[in-house]
Amino acid sequence: MNSRALAIALLMVSAASRSVAAPAAGPADTLAATGQWTAHARGHAATPPMGWNSWNAFRTEVDEQKVMGAAQALVDTGLAQLGYVYVNIDDGWWLRRRGSDQRVQVRTSIFPSARIPNTDDTSFKPFVERLHAMGLKAGLYTDIGRNACSQAYDLHSPNLPEGTVAEREVGLFGHLDADIRVYFRDWGFDYLKVDACGIADYGADRSHVKTPGYRAFEPLIIRSQPARERVEEVRAMYRELSDALHRHNPDNDYVLSICTWGQADVRAWGPSVGNSWRTSGDIYPRWSRMLHSFDSVATRALYARPGTWNDPDMLFIGAGDFDEKHLTEARSHFTLWAMVNAPLLIGYDLRGAPKSLLDIWGNASLVAVNQDRAGNQAVLAYRSDDVDILVKTLSDGTKGVALFNRGLQAYDIVLTAEHLKLDRGSPVTLRDLWANDSVTKFTGEVKFTVAARETRAFIASGTRVLPGGLYLSEMPGAIHVADDGVRQPEPDPELHRSVSWEDSRGSGDWPVYTGWGGAQADASPYSTELSVGAESFRTGIGILANSRMEVRAQGFKRFTARVGVDNATRTRGTKVRFLVYGDGKLLKQSAPIGFGEAAAPMAVDLAGVGILELVVKTEGDAAAPVAVTWAEAALSR
Ligand code: GLA
């Protein structure tokens, strides 16, 4: 048994020993169908944000010349034209929070344009206006707590906030409304990344809290112990932030990037609070760390959609394992980020970027895949520890495809029509996105030899298995998992676990991001093949009972599925009922169905329905989570 399988097996045992109550009905009943679309709809993120961020290139040693150099390069190289328009300053920009009026001052020794002559006032307005005049947008960084990450982790930085303990409290805590007003109304920023070290890394026992000395903040996020995280409090803080951003941006032209590194169960609430949320700890330029980041989103297609995106962290193309000498790895990193609808934020000193790297960020076909307006994150059509096949349904019905070799030896990867949900007997055309659009045609299946760490990428077109219709797993961008049924958040054991920060002290890099048991496209919540009774299914939605999904019906006339308890369930004695609502009205419900029973067909007419809701409830309390399957769930004309 490999380590991933072992971790899964162990967690199955621990999950099985808990009792899972069906939530009571009432005003806070997340299972109640309302006919509303409740995913985050504020801000400007119809497609994943694209641009540049200072952190991976410069850490806190950011300055105006470097940022403006990047901005100019985006324009000069044509990357801005392709959509890379956000120019984001990360940690390191601040000097102090001024005692007299509590305003955060810019460190003007590194951002001279923020100096206002003859005062100690500072303003980023001229800087932001310059970016705007170049056709770009401007992003800034802060923290939801009192202090930032650099103050805990970059202790030798020349650009740490200065002054008294209070003056060094540059984060939002206690100043949220005023700071947001300054950053957006006064200075005109368009994007805010809000980190969370201030509520994670300032416990009284930490050495930096003692020297140089910070006010202790009892951690709400406990990096190694997700069970002790105070999720509700973290969610409430980001919700308050989200509301302030809404208030101070009447034109709605802003992006909120939540940075809790996959912690505080952000998968469950990020999609209704911000425009993106980090799903993992920081990326660094190592293959194994890139795998870790990628895996943190790979099984989470149902949690992202236009307006709100999974964020596996910024691109690290140009450094370490992804530098000019490792273009295969760099292209893989880019292809994967494009396929999973990650924000595409370049983290390289663009002032001297070689053509070989510019050609990667500038792959217009892959950028188009990432920016496709349907916003369907790629779904795993095949998964193993060595090879993944990802398929992303595009708005014109064609498919983005990636054949990803994770390992160190070449693989013959067979791509089948079934992976693509295309007809086996009809010709399929593949356009190669890394080889000048060269075309391959096949019927049934085709084999590619994919080099170590290589990713082949294509657009596939052919005859769809479901002419005129869509499987729900082909349209995650039109689905919002309002409640995935997870009641006791558990760490997801499925991720590649890199040696964090290359430091093997301690006993291991244990799973820490909760989300295990969440909803999945074409897999059970516990990452097994969908199966009900004696039958297994290639397509469907796997989810836990006591869950509700909102689906945009998009003019489709009919919903069909075969429903039942999935064999991945953690308890066998509890029956479930499947309910289908249209615009808040119950259209159909199943009889109670138990473990081992064959999947029951459901067919519902949708005439005129805008929002379809798919609800599953247990009949009474269950001893442990009940995994259920909406097998072959589809919308048709
Ligand atoms: C955290 C974030 C990074 C970066 C640094 C800045 O580690 O996850 O992306 O913003 O802080 O200190």
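Where a number appears in this text, it was derived from the coordinates with a stated rule and is not lab data. Just so you know, these numbers come straight off a predicted model, no measurement behind them. When we count neighbours, we look across all protein chains shown, and the Cβ atoms used for this are built from the backbone with ideal geometry, even at glycine.
Using 0.36 nm per residue, how much length does the chain from ASP386 to ALA166 gain when fully extended, once their Cα-Cα distance is taken away?
The ASP386-ALA166 span can extend by a further 74.2 nm.
Could you give log10 I(q)/I(0) at q = 0.11, 0.14 Å⁻¹ for segment 393-544, computed by the Debye formula over C-alpha point scatterers of equal weight, without solvent?
Here the Debye-derived log intensity ratios amount to -0.60, -0.93.
Does anyone have the angle between helix 287-298 and the longest principal axis of the chain? Alpha-carbon axes, 0 to 90°, nearest 10?
Value to nearest ten degrees: 60.
Could you work out how much longer the chain between ALA410 and ASN252 gets when fully extended? Use 0.36 nm per residue separation minus the Cα distance between them, nm to one decimal.
That pair, ALA410 and ASN252, stretches by 52.1 nm at full extension.
Note down the Stokes-Einstein diffusion coefficient of segment 116-221 in µm²/s, whole number, using a Kirkwood radius over alpha carbon pairs, 4 °C, and 1.567 mPa s.
Estimated diffusion coefficient is 86 µm²/s.
Give the Rg (one decimal place) followed by the Dmax (whole number) of segment 320-406, computed from C-alpha coordinates and expressed in Å.
13.5, 40
Just how many % of Cα pairs in segment 533-621 lie over 16 Å apart, if you round to the nearest whole percent?
53 percent
Among the lysines, select those whose C-alpha is under 17 Å from the C-alpha of LYS66, and discard any that sit fewer than 8 residues away in the same chain.
LYS137
Counting only DSSP beta bridges with both residues in the chain, what percent are antiparallel, rounded to the nearest 5?
Taking every DSSP beta bridge within the chain, about 80 percent pair in antiparallel fashion.
Given segment 37-101, report the % of alpha carbon pairs whose separation exceeds 16 Å.
Result: 59 percent of Cα pairs exceed 16 Å.
Ratio to report: Rg/Rh of segment 69-141, with Cα atoms as the point set and Rh obtained by the Kirkwood method; give two decimals.
Expressed as Rg/Rh, it is 1.04.
Expected output is a single nm value to one decimal: the length gained when fully extending between SER356 and ARG181, i.e. 0.36 nm times separation in residues minus the C-alpha distance. What is it?
Going from the current span to full extension adds 58.9 nm.
Nearest 20 debye, what's the magnitude of the dipole of the chain about its Cα centre given +1 on Lys and Arg Cβ and -1 on Asp and Glu Cβ?
860 debye
From the alpha carbon gyration tensor of the chain, can you work out the equivalent ellipsoid semi-axes (sqrt of 5 times each eigenvalue) and give them in Å, largest to smallest?
They are 40, 29, 23 Å, listed largest first.
Mind listing which chymotrypsin sites (Phe, Trp or Tyr not before Pro) in segment 429-476 are in a DSSP loop and have 15 or fewer other Cβ atoms within 10 Å?
none
Please report, for the Cα atoms of segment 193-322, the Rg to one decimal and the Dmax as a whole number; what are they, in angstrom?
Cα only, segment 193-322: 15.9, 44 Å (Rg, Dmax).
Under 23 Å Cα to Cα from LYS421, which lysines show up? Leave out anything in the same chain fewer than 8 places away.
Correct list for LYS421: LYS392, LYS399, LYS441, LYS447, LYS557.
Can you tell me, using C-alpha contacts under 8 Å and at least 6 residues apart, the relative contact order of the chain as a whole percent?
Result for the chain is 14 percent.
Would you calculate the separation in nanometres between label points at GLU619 and ARG424, each defined as 7 Å from the Cα along the Cα-to-beta-carbon direction?
With each label placed 7 Å out from Cα toward Cβ, I get 3.7 nm.
Given bins 10 angstrom wide, list per bin the percent of all Cα-Cα distances in segment 395-470, short to long.
That works out to 20, 50, 26, 5, 0, in percent per bin.
Per the Kirkwood definition applied to all pairs of different Cα atoms, how many angstroms is the hydrodynamic radius of segment 208-267?
13.6 Å
If you line up the long axis of helix 327-339 against the longest principal axis of the chain, both from Cα atoms, how many degrees apart are they, to the nearest 10?
Between the helix axis and the principal axis of the chain, the angle is about 70 degrees.
Give me the distance between the Cα centres of segment 475-506 and segment 558-626, rounded to whole Å.
25 Å
Take MET475, MET68 and order them by how many other Cβ atoms sit within 10 Å, fewest up front.
Going from sparsest to densest Cβ surroundings: MET68, MET475.
What is the projected area of the convex hull of the Cα atoms of segment 161-218, averaged over all directions, in nm²?
Spelled out: convex hull of the Cα atoms, projected over all directions, averaged, 4.4 nm².
Angle between the Cα long axis of helix 64-77 and the longest principal axis of the chain, 0 to 90 degrees, nearest 10?
Once rounded, one gets 50 degrees.
LYS617: which lysines have alpha carbons under 20 Å from its alpha carbon, excluding same-chain residues fewer than 8 sequence positions away?
In chain and number order, the partners are LYS575, LYS585, LYS588.
Say each of ARG572 and GLU535 gets a label point 7 Å from the Cα, pointing the same way as Cα to Cβ; how far apart are those two points in nm?
2.1 nm
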